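The values are calculated or read from the model by the stated rules, or taken from the named source; none is laboratory data. Remember, predicted model here, so these are calculated numbers, not experimental data. When we count neighbours, we look across all protein chains shown, and the Cβ atoms used for this are built from the backbone with ideal geometry, even at glycine.
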């Protein structure tokens, strides 16, 4: 007990003050005893405080674990919400792109329909293919008369420049031979094929075996029942006119 008192500076001062303040031995002893008892009480309080501090520290050690658990739960919830938000953005983006594409297709289709209607109205009952109007006449005339009839309608006998156009005109023949706008003419002392618009054929659809190299001028060409080109029969036939869309 004495060691505890002397180790505490405050208690040591109190003892010395009591000794110097009075010379009465008995009273001094009583006060010393009082101090000792107070020191014991102080010591007991220190033990109690330490035990409380120990329990407090133990309690505080568990609080961070609870906080960490709450943080993990909040993080998990936030992650789920972020994933749901991302999924929603992706779905909305796809719907938006699909709607834009649909509107674009509809707009293009409307423009094409409007353009077709304009062309059809310009063709006035003739059949349109690309930038021209075509018409098949079912009467029968020779090549020159057929061309004259086309010219009276602001057109001319059809000129065929591609395989696609050939297939289109072939469907118009309806298995009946029809005049087209190709003839042999004299150029530079030799006979060549020439369309009615003055151009040289870049595409030809003559039947296999037909000799087209050694011909006198004045031969005219027609499309036979199978859609192939011939020139051997100069009789009367149906004809096909073509008029460009301006």
Enumeration of residues in the stretch 198-216 that are under 13 Å from residue 186 (Cα atoms), touching a strand residue (DSSP E or B) at 6+ places or on another chain (Cβ under 7 Å) and at pLDDT below 80: 215, 216
Kindly indicate whether residue 145 is within 30 Å of residue 221 (Cβ to Cβ), touching a strand residue (DSSP E or B) at 6+ places or on another chain (Cβ under 9 Å), assigned to a helix (DSSP H, G or I) and modelled with pLDDT of 90 or more. yes
Out of 133, 150, I need the residue that is modelled with pLDDT of 90 or more, within 24 Å of residue 203 (Cα to Cα), part of a helix (DSSP H, G or I) and in contact with a strand residue (DSSP E or B) (Cβ under 6 Å, 6 or more places away or on another chain). Which one? 150
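Mind listing whichever residues of the stretch 172-205 are in contact with a helix residue (DSSP H, G or I) (Cβ under 8 Å, 6 or more places away or on another chain) and within 17 Å of residue 235 (Cβ to Cβ)? Spell out how you get there, then give the answer.
At the first step, the residues of the stretch 172-205 found to be in contact with a helix residue (DSSP H, G or I) (Cβ under 8 Å, 6 or more places away or on another chain) are 178-181, 183, 196, 203, 205.
Of everything in the stretch 172-205, those that are in contact with a helix residue (DSSP H, G or I) (Cβ under 8 Å, 6 or more places away or on another chain) and within 17 Å of residue 235 (Cβ to Cβ) turn out to be 178, 179, 180, 183.
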How many residues are in contact (Cβ under 8 Å) with a residue 12 or more places away in the chain and not in a loop (DSSP other than H, G, I, E, B) if we restrict to the stretch 187-230? 11
In the stretch 120-152, anything within 13 Å of residue 243 (Cα to Cα) and over 49 Å from the mean Cα position of the chain (by Cα) is listed as 147, 149, 150, 151, 152
Residue 239 vs. criteria at pLDDT 90 or above and either surrounded by fewer than 12 Cβ atoms within 10 Å (Cβ to Cβ) or in contact with a helix residue (DSSP H, G or I) (Cβ under 9 Å, 6 or more places away or on another chain) (or both): yes
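So that you can scan it fast, the table gives a plain yes or no per residue for (1) under 18 Å from the mean Cα position of the chain (by Cα); (2) assigned to a helix (DSSP H, G or I); (3) at pLDDT 85 or above:
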position: 54; (1), (2), (3): no, yes, no
position: 60; (1), (2), (3): no, yes, no
position: 64; (1), (2), (3): no, yes, no
position: 68; (1), (2), (3): no, yes, no
position: 81; (1), (2), (3): no, yes, yes
position: 85; (1), (2), (3): no, yes, yes
position: 88; (1), (2), (3): yes, yes, yes
position: 92; (1), (2), (3): yes, yes, yes
position: 97; (1), (2), (3): yes, yes, yes
Please name all residue pairs, on different chains or six or more residues apart, with Cβ atoms under 9 Å, provided the first residue is in the stretch 153-170 and is touching a residue at least 40 places away in the same chain (Cβ under 8 Å) and on the phi > 0 side of the Ramachandran plot and the second residue is crowded, with 18+ Cβ neighbours inside 10 Å and not in a loop (DSSP other than H, G, I, E, B). 154/243
Do we have residue 165 as in a helix (DSSP H, G or I), within 26 Å of residue 207 (Cα to Cα), at pLDDT 90 or above and in contact with a strand residue (DSSP E or B) (Cβ under 9 Å, 6 or more places away or on another chain) here? yes
Got a number for residues in the stretch 99-130 being at pLDDT below 85 and surrounded by 13 or more Cβ atoms within 10 Å (Cβ to Cβ)? 3
Name the residues in the stretch 193-214 that are over 22 Å from residue 132 (Cα atoms) and surrounded by 15 or more Cβ atoms within 10 Å (Cβ to Cβ), would you? 193, 206, 212
